[in-house]
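The values are calculated or read from the model by the stated rules, or taken from the named source; none is laboratory data. Since the model is a prediction, treat every value here as computed from it, not as a measurement. Here Cβ is always computed from backbone atoms with ideal geometry, including for glycine, and neighbour counts include all displayed protein chains.
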C-alpha cells in the first residue's frame, strides 16, 4: 500500500483564537524578534494567532480599514495576548477594544508594566496590570473603576462625541472601546485635527468622523 505523506501546505489553517496586541509602527528590532518568535512558537503548539504585523494589510490606503481588520481579529478571538510597550499608541487603542469585548488578557512581559513610566501612561499600565489574568489583580484601583464606568456609558450611547487634544492614553482607550462597540464617533473640534502624510490616529479619527457624517470612508489622500 502506498504511504501518503502530508505536506506542510496540506495542514489546515489554525483558528486564530488569540489576538496579539503588539507594536507595529516603530517596533524595534528586539520587539520584532520577540513577536515573530512568540507567534511561531505558539502556532507550532497548535494555537492560531492573529498578529497585526503579519495578518493585517498595513498598507491599506484607507487607514480606518486597518483598524477594522484588527477589530474583527479581536472579536473573533477567544482571548488577547499583549506585548506591552509604553510608546505604542496601538497598545492603548487595542486593549480598549479587548476590554469592551470582554476578552481575557495575558501580558507577555509583565515586568514592563512596572518600569520607568510616568503620567497617565503609568495609570494605564496599572490598569493593564489589573486587567490581565496573569498579574496581581486589584479591581478597587480607582483608574480601573473609572474605565469600567466609561465602558458602561459608551455601551449605552448611539453616538460618542470626543474633543480631540492629543493622542493620550485615556483618549485612545475610550476610542478603542467606542470603535469596538461600533458606535458613531463625532469630533466636536474636527477642524483642529490635522491629517498627516503617514499613519496616524489623526487620520483614523477624521475617517471615523466623515463616516459618521457622510456615511462613507475616505483615503488618506482625500483627507487633505
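Points to keep in mind about this one:
- Residue match in region 80-89 (condition: in contact with a strand residue (DSSP E or B) (Cβ under 8 Å, 6 or more places away or on another chain) and in a loop (DSSP other than H, G, I, E, B)): yes
- For the residues 107, 160, 128, 120, the requirement of being touching a residue at least 12 places away in the same chain (Cβ under 8 Å), surrounded by 12 or more Cβ atoms within 10 Å (Cβ to Cβ), more than 17 Å from residue 18 (Cα to Cα) and in contact with a strand residue (DSSP E or B) (Cβ under 6 Å, 6 or more places away or on another chain) singles out 160.
- The one condition from (1) surrounded by 15 or more Cβ atoms within 10 Å (Cβ to Cβ); (2) assigned to a loop (DSSP other than H, G, I, E, B); (3) under 16 Å from the mean Cα position of the chain (by Cα) that residue 202 does not meet is (2).
- One residue alone among 165, 222, 182, 153 is modelled with pLDDT of 90 or more and farther than 23 Å from residue 73 by Cα, and that residue is 153.
This table checks each residue for (1) within 21 Å of residue 182 (Cβ to Cβ); (2) surrounded by 15 or more Cβ atoms within 10 Å (Cβ to Cβ); (3) modelled with pLDDT of 95 or more; (4) under 12 Å from the mean Cα position of the chain (by Cα).
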| residue | (1), (2), (3), (4) |
| --- | --- |
| 12 | no, no, no, no |
| 44 | no, no, yes, no |
| 71 | yes, yes, yes, yes |
| 84 | no, yes, no, yes |
| 87 | no, no, no, no |
| 90 | yes, yes, no, yes |
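- Members of region 198-210 found to be modelled with pLDDT of 85 or more and either touching a helix residue (DSSP H, G or I) at 6+ places or on another chain (Cβ under 7 Å) or closer than 22 Å to residue 24 by Cα (or both), listed by number: 200, 201, 202, 203, 204, 205, 206, 207, 208, 209
- Qualifying residue in region 23-31 (condition: crowded, with 16+ Cβ neighbours inside 10 Å and under 30 Å from residue 155 (Cβ atoms)): yes
- Against the numbered list (1) free of Cβ contacts under 8 Å to residues at least 40 places away in the same chain; (2) assigned to a loop (DSSP other than H, G, I, E, B), residue 25 comes up short only at (1).
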